[in-house]
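Reading through the structure tokens given below for one structure.
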Amino acid sequence: MKWSYFNNCSEVFGCASLNNKKYCILNRQYTKEEYETLVPKIIEHMRKTGEWWEFFPISISPFWYNESAAMDHYPLSKEKILESGFKLSTYENPKPVVTKTIPASKLPEDIREIPDDILNWAIECEVTGRPFRIIKPELEFYRKHSLPIPRRHPDQRHLDRIKLRNPRKLYSRDCDKCGKWMNTTYSIDRTEIIYCEQCYDKELS
């Protein structure tokens with residue numbers, strides 16, 4: 001079994017992230033003879049158990065669904081996560097120990113009005129109310145570029161960015177230049193001008 005994203009590997013079975021390897025099973029090195037003997041036995045066993053050509057079972061995943069990229073692309077409720085057999089993390093960061101907590105709405109718009117002491121404060125997210133802190137390099141960056149202090153928790157900012165992405169779904173529509181049918185992540189009701197690949201390349205050339 002050879003994976004195209006491996007670097008110069010061949011005859012590897014059930015492996016991940018290997019470079020310049022051959023005759024490996026589950027990332028463990030074997031001789032050619034051992035490999036050619038073991039792999040057919042493993043495949044035969046997997047066929048009997050119904051595991052052959054199936055993804056690894058959810059039960060052995062070391063990740064919590066709500067702390068993985070899956071939650072970004074396919075968000076599920078807590079109930080649905082558990083119902084589907086995934087792991088659910090209930091961990092919450094402890095509240096920061098600070099000298100002052102300030103609502104985001106009370107922050108000055110002008111970065112020049114932000115005191116150095118803000119490094120010892122917690123800011124309440126304007127959406128969720130969760131407190132978060134600003135660190136020194138961050139404050140220096142905002143001052144250097146004359147940017148206002150964020151009013152949303154980093155997790156909320158991440159969710160906001162995710163919402164700007166197109167959905168992971170293809171829509172059928174015509175190229176706005178040549179009329180050619182194509183698949184695109186832009187639905188028919190979107191107002192953007194959408195070109196097929198050929199028309200797009202011509203515009204750039």
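The values are calculated or read from the model by the stated rules, or taken from the named source; none is laboratory data. On a predicted model such as this, the values are computed, not experimentally measured, just so you know. Here the Cβ positions follow ideal geometry from the backbone for every residue, glycine too, while neighbour counts run over all protein chains shown.
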* Asked: From 11, 44, which residue is farther than 23 Å from residue 168 by Cβ, assigned to a helix (DSSP H, G or I) and of a type in the set (Asp, Glu)?
  -> 44
* Structure fact -> Note on residue 146: of the conditions (1) among the small types (Gly, Ala, Ser); (2) modelled with pLDDT under 95; (3) on the phi > 0 side of the Ramachandran plot, unmet is (2)
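Name the single residue, out of those in the range 50-88 being of a type in the set (Ser, Thr, Tyr) and outside any loop (DSSP other than H, G, I, E, B), that is nearest to the chain's Cα centre (by Cα).
By that ranking, first place goes to 65.
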* Asked: Does residue 142 qualify as being within 30 Å of residue 46 (Cα to Cα) and either out of contact with any His (no Cβ under 9 Å at 6 or more places or on another chain) or assigned by TED's automatic domain parsing to the domain that holds residue 26 (or both)?
  -> no
* **Hits in the range 58-70 - residues which are closer than 24 Å to residue 166 by Cβ and either loosely packed, with under 14 Cβ neighbours inside 10 Å or in contact with a helix residue (DSSP H, G or I) (Cβ under 6 Å, 6 or more places away or on another chain) (or both)** => 65, 67, 69
* Asked: Hey, does the range 40-57 have a residue that's out of contact with any helix residue (DSSP H, G or I) (no Cβ under 6 Å at 6 or more places or on another chain), over 20 Å from residue 90 (Cβ atoms) and in contact (Cβ under 8 Å) with a residue 24 or more places away in the chain?
  -> yes
* Is it true that some residue in the range 142-154 is part of a loop (DSSP other than H, G, I, E, B) and in contact with a Cys (Cβ under 6 Å, 6 or more places away or on another chain)? -> yes
* Mind listing whichever residues of the range 128-150 are touching a residue at least 12 places away in the same chain (Cβ under 8 Å), loosely packed, with under 14 Cβ neighbours inside 10 Å and not basic (Lys, Arg)? => 128, 135, 146, 147, 148
* Output for the range 116-141, where each listed residue is of a type outside the set (A, V, I, L, M, F, W, C), assigned to a loop (DSSP other than H, G, I, E, B) and in contact with a Phe, Trp or Tyr (Cβ under 9 Å, 6 or more places away or on another chain) -> 133
* Asked: Condition test on residue 101, is it over 30 Å from residue 148 (Cβ atoms), hydroxyl-bearing (Ser, Thr, Tyr) and modelled with pLDDT of 90 or more?
  -> no
